[in-house]
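Below is one structure, written out as structure tokens, with a few remarks after it.
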Amino acid sequence: MYQATNPPPVNPVFLAGLPTRVLPPELLAPLFDAVILGLRRRHPELFERLEEIGAAIILIDPVDLPLLFVLEVGRPVPRLRARRQALQSEPSATIRGPLLTLVDLFQGRLDGDAAFFTRELIIEGEMEAVVALRNAIDAAEI
């Protein structure tokens, strides 16, 4: 006789990956613009600190999603965009890791140093830009 067991937990990365496989990344631009605008209203100090970084392009690569995220700072309003393929030019810095690790990192629930040293997180390029981004996020207490 077959006995039902608990179903496997729903993997949020799998669920997030489904629409990103079929939808054009450009459709996310209005969502990202709204997120940046909301952050600017609630955390103006974050944007003041991001201006200190200067012009930088930070590539955020969630290794378990078919998308890359490009964060441009050092402009009047930082810009976040999604892409399917790498940039043609070299980014200032790259932050690479599993999506949930990146989310935890940006929400301050994860120690970036620990994730870096356990190789759960890979950082390449200008470390100054990444450290300044991390410090800006930490100071804003998002």
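The values are calculated or read from the model by the stated rules, or taken from the named source; none is laboratory data. Because the structure is predicted, anything quoted here is derived from the model rather than measured. In this analysis, Cβ positions are derived from the backbone assuming ideal geometry, glycine residues included, and neighbour counts consider all displayed protein chains.
Filtered by the rule that a residue be buried (at least 16 other Cβ atoms within 10 Å of the Cβ), within 15 Å of Leu71 (Cβ to Cβ) and not β-branched (Val, Ile, Thr), region 98-139 gives Leu102, Leu105, Phe106, Gly125, Glu126, Ala129, Ala132, Leu133, Arg134, Ala136.
Taking each residue of region 104-120 that is farther than 18 Å from Ala136 by Cα and looking for partners that are among the charged types (D, E, K, R) with beta-carbon atoms closer than 9 Å, six or more apart or interchain, yields Ala114/Glu120; Ala115/Asp104. Condition first: modelled with pLDDT under 85 and farther than 25 Å from Ile122 by Cβ. Can you find one or more residues in region 23-35 that meet it? Looking through region 23-35, at least one residue is modelled with pLDDT under 85 and farther than 25 Å from Ile122 by Cβ.
Here is a yes/no grid of residues against (1) basic (Lys, Arg); (2) at pLDDT 90 or above; (3) surrounded by 13 or more Cβ atoms within 10 Å (Cβ to Cβ):
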| residue | (1), (2), (3) |
| --- | --- |
| Leu46 | no, no, yes |
| Ile53 | no, no, yes |
| Ile60 | no, yes, yes |
| Glu72 | no, yes, yes |
| Val77 | no, no, no |
| Leu87 | no, no, no |
